[in-house]
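Beneath this line is the structure, given in structure tokens, with notes to follow.
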Amino acid sequence: MPEPILTVAGVSKTYKNGPTALKTVDLEVNRGEIVALLGPNGAGKTTLISIICGIVTPSSGSVTVAGHDVVRDYKAARRAIGLVPQELATDQFESVLATVTFSRRLFGRSGHSDYIEQVLRDLSLWEKRDAKIKDLSGGMKRRVLIAKALAHEPEILFLDEPTAGVDVALRRDMWKLVHRLREQGATIILTTHYIEEAEEMADRVGVISRGELLLVEEKDALMAKLGKRQMDLTLVEPLDAVPAALARWSPTLEDEGHTLRYVFDAKAENTGIPELLAAVAERHIAFKDLETRKSSLEDIFVDLVGQRA
Amino acid sequence: MNLHGIWAIYRFEMARFGRTIWTSLATPVITTTLYFIVFGSAIGSQMKNIGDVPYGAFIVPGLMLLTIFSESVFNASLGIYMPKFTGTIYELLSAPLSAVETVIGYVGAAATKSLVIGLVIFATAHLFVDLHVAHPLLMLFYLLLVAASFSLFGFCLGIWANGFEQLQIIPLLVITPLTFLGGAFYSLTVLPEPWRTVTLFNPVAYLINGFRWTFFGISDVDVLACVAVTAGFGAFCLAAVVAIFRTGWRLKS
Ligand SMILES: Nc1ncnc2c1ncn2[C@@H]1O[C@H](COP(=O)(O)OP(=O)(O)OP(=O)(O)O)[C@@H](O)[C@H]1O
Ligand SMILES: [Mg+2]
């Protein structure tokens, strides 16, 4: 029986003189899970995370972290939480070591601990521990924020767009870090605009748009359930129009008639491919290549958000 | 009680002061020296004693408070305003700290710095005048009370302020005039009516007279009233801070 570490129940938020950033959201996350919240700008991802972490007061609903209500029992709940914010907000004149030690103390732990060294080494910050934060590059600053969030050994980590404004190498590093943290048993909730990131890191994916959590699904199940596949036939001779005999599969012509594309439902019993190929052969339409591919989360996402728009 | 958390804030704030320690200490020493040259020697030699107290010594408590007011308000307000300004406040808001613990950290640090500066001025004053403090323990206690109260006030100001100019406007428009008009440099007894009575409505007059009483055992107003006003001001600021945190006013959306 998986044990929920985070329960969000009926949480909504309307900012004063502002928009309704979140309509009623329910979410449950189990210990050890990695959940990606995917959504466009202004969807309400940061708002949701801020409510859980105690930075924004919800208009309604309740949140429980590690069995503690985040309002009534805020101290215990917050000790279990680590937060890496979206914005790069740092104390410019502090050293790396000082700011990470500060964070650990702030969350009620002694500043004298080998754990701090370990975190800094894990994030390749140990060599830079005496550097002032203002002298670090943007990517390094983001690592510092992660080190600060991890400093008090939280059980659940929130990463709000960890790879925004980060180069490819650092993004890969970040992914590795997330996997390593998961091996150590951490629960991680991250937000992102990038589908590849959700695909790479998450066990489950939640899609947020305009303040609504449209769905939360196992990543693989989501791909299988909503995933469309597509088959491209590269034709020897281009076609002007789809032959009437193929109309029941409603394929499309791409690439100026050089490609016949058929989109099908990957989870259906009968994909229709054998029949289509037989019909193509019957009509003596020659093709030199055949390719099928899975649609990515990106396609699924565009579909979903499009449907509700 | 999150003692580590309080300690973290206190250390952070003290480190911030530490980075500017020489300007922080040189400024009050130089200002005090200037005041003594002008008021103590140049003008003071023309002034008659107030009671048994030479004028040069008489102005020492007011001079100390003048700096302590502004240092306390400035440091405490900047301490909480800066995280709001840079965005690092997210960490404070998401930390397992109660309102009281947060305030102890920030206000404790600001009050400590004011206290140190106050004592530096006190020491500097010794170079110019003979000073015998009648009630040294009470004097220290009073200094602490005033420093803590004004740091609390500064903390509220820092939460309220939406810009740097707002941080400066209140000390400039309210505290400094009230201090000068509250008898920092003169005895209320020299004032003609109705100004004497008007001054009795200035709370700062009570703070200054109470503090002066710990030095010389003289006060223009009732000492108990002085203590009551000082403690009342501190309690009012404390209540304001607790209310601010409870409602999240200007801190949380
Ligand atoms: N403090 C605030 N006051 C008023 N409105 C706000 C505030 N913070 C966010 N909003 C609004 O709430 C909505 C959701 O914002 P939020 O920051 O949660 O989105 P997001 O999904 O994190 O977007 P992004 O991907 O751009 O970070 C937006 O319309 C935003 O303008
Ligand atoms: Mg955001």
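The values are calculated or read from the model by the stated rules, or taken from the named source; none is laboratory data. Treat the numbers as computed from the prediction; the structure is a model and nothing was measured. Cβ coordinates were reconstructed from backbone atoms using ideal geometry, including for glycine residues, and neighbour counts include every protein chain displayed. Remember, those area values only see protein heavy atoms, side chains included, never the ligands or the DNA or RNA. Shrake-Rupley method; radii C 1.70, N 1.55, O 1.52, S 1.80 Å.
Below, the figures for the structure above:
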| read-out | value |
| --- | --- |
| Boolean, A:Leu157 is within 14 Å of chain B (Cβ to nearest Cβ) and touching a strand residue (DSSP E or B) at 6+ places or on another chain (Cβ under 7 Å) | yes |
| Strands (runs of 3 or more DSSP E) within the range A:1-73 that include 2 or more residues within 14 Å of another protein chain (Cβ to nearest Cβ) and either within 8 Å of ligand 1 (Cβ to nearest atom) or within 27 Å of B:Ile89 (Cβ to Cβ) (or both) | A:4-14, A:20-30, A:60-65 |
| Filter pass, B:Gly79 being within 14 Å of chain A (Cβ to nearest Cβ), on the phi < 0 side of the Ramachandran plot and within 18 Å of the chain's Cα centre (by Cα) | yes |
| Given (1) more than 23 Å from B:Gly5 (Cα to Cα); (2) within 11 Å of ligand 1 (Cβ to nearest atom), number of the condition A:Pro85 does not satisfy | (1) |
| Candidates A:Leu213, A:Leu239, A:Leu177, filtered to the one that is more than 16 Å from ligand 2 (Cβ to nearest atom) and assigned by TED's automatic domain parsing to the domain that holds A:Ile52 | A:Leu177 |
| Test: residue in the range B:20-39 that is out of contact with any Cys (no Cβ under 9 Å at 6 or more places or on another chain) and part of a loop (DSSP other than H, G, I, E, B) | yes |
| Qualifying positions in the range A:250-262 - within 16 Å of A:Lys228 (Cα to Cα) and surrounded by 15 or more Cβ atoms within 10 Å (Cβ to Cβ) | A:Pro251, A:Tyr262 |
| Complete set of residues in the range A:102-129 that are part of a loop (DSSP other than H, G, I, E, B) and within 14 Å of chain B (Cβ to nearest Cβ) | A:Phe107, A:Gly108, A:Arg109, A:Ser110, A:Gly111, A:His112, A:Ser113 |
| Residue in the range B:9-22 that is away from chain A (no Cβ under 14 Å), surrounded by 13 or more Cβ atoms within 10 Å (Cβ to Cβ) and among the β-branched types (Val, Ile, Thr) present | no |
| Per-region count, the range B:205-245, residues of a type in the set (A, V, I, L, M), closer than 26 Å to B:Ile159 by Cβ and touching a residue at least 60 places away in the same chain (Cβ under 8 Å) | 7 |
| Search result, residues across the range B:181-216 that are assigned to a loop (DSSP other than H, G, I, E, B) and modelled with pLDDT of 90 or more | B:Phe201, B:Asn202 |
| Set A:Gly61, A:Gly54, A:Gly82: member being on the phi > 0 side of the Ramachandran plot, more than 16 Å from ligand 2 (Cβ to nearest atom), of a type outside the set (Phe, Trp, Tyr) and at pLDDT 95 or above | A:Gly61 |
| Residue tally, condition outside any loop (DSSP other than H, G, I, E, B), within 16 Å of ligand 1 (Cβ to nearest atom) and buried (at least 21 other Cβ atoms within 10 Å of the Cβ), over the range A:141-197 | 10 |
| Where B:Leu66 falls short, out of the listed (1) within 14 Å of chain A (Cβ to nearest Cβ); (2) open to solvent by 10 Å² or more (accessible area, probe 1.4 Å) | (1) |
| Sole exception among (1) small (Gly, Ala, Ser); (2) open to solvent by less than 30 Å² (accessible area, probe 1.4 Å); (3) within 14 Å of chain A (Cβ to nearest Cβ) for B:Gly40, by number | (3) |
